[in-house]
Amino acid sequence: MLHHALQFRAAEISIGSASDGTAMLGKSLAMQKLHNQISQYANSPFPALIEGESGSGNEIVARTLYRLSSSNTKPFLALNCAAISPTLVEPTLFGYVKGAFTGAVTNKAGYFEDAADGTLFLDEIGELPLDLQAKLLRVLENGEYQRVGEAQQRLSRARVIAATNRDLRQEVKKGSFRADLYHRLSVFTINVPPLRELDDDKMVLLERFRKLYADQAHAAPFTFDEGAARLWREYRFPGNVRELRNIVIRLTTKYAGQRLSALDLDPELDSHSTPQATQVATEFLIPSDPDELIEQAQKHLQRERSFSLDGLLKTWEQGYIEAAMKLTRGNVSQAAKLLGINRTTLYSRMESPQKQ
Ligand SMILES: Nc1ncnc2c1ncn2[C@@H]1O[C@H](COP(=O)(O)OP(=O)(O)O)[C@@H](O)[C@H]1O
Ligand SMILES: [Mg+2]
């Protein structure tokens, strides 16, 4: 029964926005729980705190909270606290009066005023400077705030939804986030799970985005062969749904209408520190164009934490020697010919692959 109720909610949330790519997708149990939590909290006037890794959907959760609330015809404003300079946070949030600081040439309302009795979404709240945290706490406690340079108290009736990819409790312990503000904000806390904990949702998202972005590009969607699908399932998506979406967009551009193998897919994934993927990458990293080789090598070096050129060359060499031996059924002379080296060299490299 409960399971059905949850599923119904999950479906409901997609309605009305499924075609524009802003609906929250996912069928995993964790996603159903998240949907359920969102619909429970949507109509409350109290703040909500969304915690989740970057790219896991913090913002889409905030927007869904708003969309499912009865205030969804009122304003929704979003401010990313990490994206603006600390000195601009206060005038942006609370507004300012003419002459309050250099450049303040007119009176201007801030986000709290513009949000009125709607919703104000404060993304990356962990980046909010301490003095601003005190001012935010005050608005949350009694609604009061002032425009910069003005003595008059104004009253906000906006609902505040905050999000962070930091562990705010940890920030409180370190003294970089106010405990009282944390408690105010976290009346409702929503944890957005990372994509790697969402079972088969990466397939659900793949299906949806594949078609969505192909439609947008007026192209045919790409498809995966079995190997590519396996690689996709095994990949951990450290950048969560954002990374998944970006990969799909890239694949749509590069491979519209084509069927991809694991070898096509692998260079698109940021997984070269996992053993499996390293194997694929080192065995087949052989673009014929030197510029492409350099570009790939650059990427490889940037993401590999413990890179070893000797290790890479050795793996490569052994891969080719084994391949040649297999193709010639163990005939060393023929294998050497295939490899373009002489027999004695092949012998020495088989015995001691590290030597030149
Ligand atoms: N469950 C989901 N279903 C569909 N799209 C999602 C989902 N979660 C995240 N996205 C998409 O992934 C991208 C990143 O999500 P966003 O909410 O901005 O992440 P965050 O704020 O956590 O960094 C956005 O394009 C968003 O629409
Ligand atoms: Mg975000």
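Odds and ends about this structure:
- Residue pairs, from the table Lys33/Lys135; Lys74/Lys211; Lys135/Lys173, whose Cα atoms sit over 23 Å apart: Lys33/Lys135; Lys74/Lys211
- Segment 125-146 and segment 157-205: distance between their alpha carbon centers, rounded to Å: 17 Å
- For Asn191, the residues whose amide H sits under 5 Å from its own are Glu51, ignoring neighbours fewer than 5 places away on the same chain, with H placed 1.01 Å from N.
- Computed over the alpha carbons of segment 33-182, Rg followed by Dmax gives 15.3, 50 Å.
- Between Phe121 and Leu77, Ala78, Leu79, Ile161, the built amide H atoms are under 5 Å apart, and every one of these is 5 or more places off in sequence or on another chain.
- Divide the volume of the convex hull around the Cα atoms of segment 170-227 by the residue count and you get 169 Å³ per residue.
- Simple Cβ-charge dipole of segment 312-351, Lys/Arg +1 and Asp/Glu -1, about Cα centre, in debye nearest 20: 120 debye
- Relative exposure of Leu301, Leu212, judged by other C-beta atoms within 10 Å (fewest first): Leu301, Leu212
Only the coordinates and a few stated rules stand behind these numbers; no lab work does. None of these values were measured; they are calculated from a predicted model. Using ideal geometry, Cβ is built from the backbone for each residue, glycine included, and neighbour counts are taken over all protein chains shown.
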